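Below is one structure; the comments refer to it alone.
The values are calculated or read from the model by the stated rules, or taken from the named source; none is laboratory data. From a predicted model like this one, the values you see are computed outputs, not experimental measurements. Heads up, the Cβs are rebuilt from the backbone with ideal geometry, glycines too, and the neighbour counts pull from every protein chain shown. The area values use the complete protein model at the heavy-atom level, side chains included, leaving out ligands, DNA and RNA. Shrake-Rupley method; radii C 1.70, N 1.55, O 1.52, S 1.80 Å.
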Amino acid sequence: MNDKDIVKELNAYLQGEYMGIHAYEHYIKHTNDPKLKNELQRIQQEHKQHAAKTAEQIQNLGGKAVEDNGMKLSVQELMLRMKNYPDYNEGIIKGVLKGQEMGIHQVEEIIRGDMDSKSLEIVKHNLDEDRAHIEQLNQLMMDE
């Protein structure tokens, strides 16, 4: 796989990170629980770090990193917004968990393709953190 193809894959991944960051923003906005808000903000910050590392790798490969989640994902995001975000803890946590699980599945698809070792290392590290987010969110759910 050449650098151009890797950049394309990394940009697809980056668009998903942006969608996740936006989704967290909406969930954070809809919770009044300081503990839950703090945890969602912490996870959102990790997604922002994932996006920054990925954008840097794209640039290192000579590509241009996307700056948003793209038209297709924007439409999906709009559809989710129209469904309304829950404003109670259990609903928020379930929504975030569903989004995290969908994101992990999409990332697993992306890394099945050919990717250089540095890009793969970055994405796999981020994926490990995403799996840890699932565990943390499940713990929050059990605390409810």
Within the range 18-46, of all residues that are open to solvent by less than 40 Å² (accessible area, probe 1.4 Å) and polar (S, T, N, Q), the one nearest to ILE134 (Cα to Cα) is GLN44
Subject >> Test: GLN49 is modelled with pLDDT of 95 or more and open to solvent by 70 Å² or more (accessible area, probe 1.4 Å) >> reply: yes
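Residues checked against (1) open to solvent by 20 Å² or more (accessible area, probe 1.4 Å); (2) at pLDDT below 90; (3) assigned to a helix (DSSP H, G or I):
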site	(1), (2), (3)
ILE58	no, no, yes
GLY62	yes, no, no
LEU73	yes, yes, yes
ASN84	yes, yes, no
GLU90	yes, no, yes
SER119	no, no, yes
ILE122	yes, no, yes
Subset of the range 124-144, residues among the polar types (S, T, N, Q) and open to solvent by less than 50 Å² (accessible area, probe 1.4 Å), comes to ASN126
Notebook entry, point to check: Does TYR13 meet the test of being open to solvent by less than 20 Å² (accessible area, probe 1.4 Å), under 21 Å from ASP128 (Cβ atoms), at pLDDT below 95 and assigned to a helix (DSSP H, G or I)?
Noted result: yes
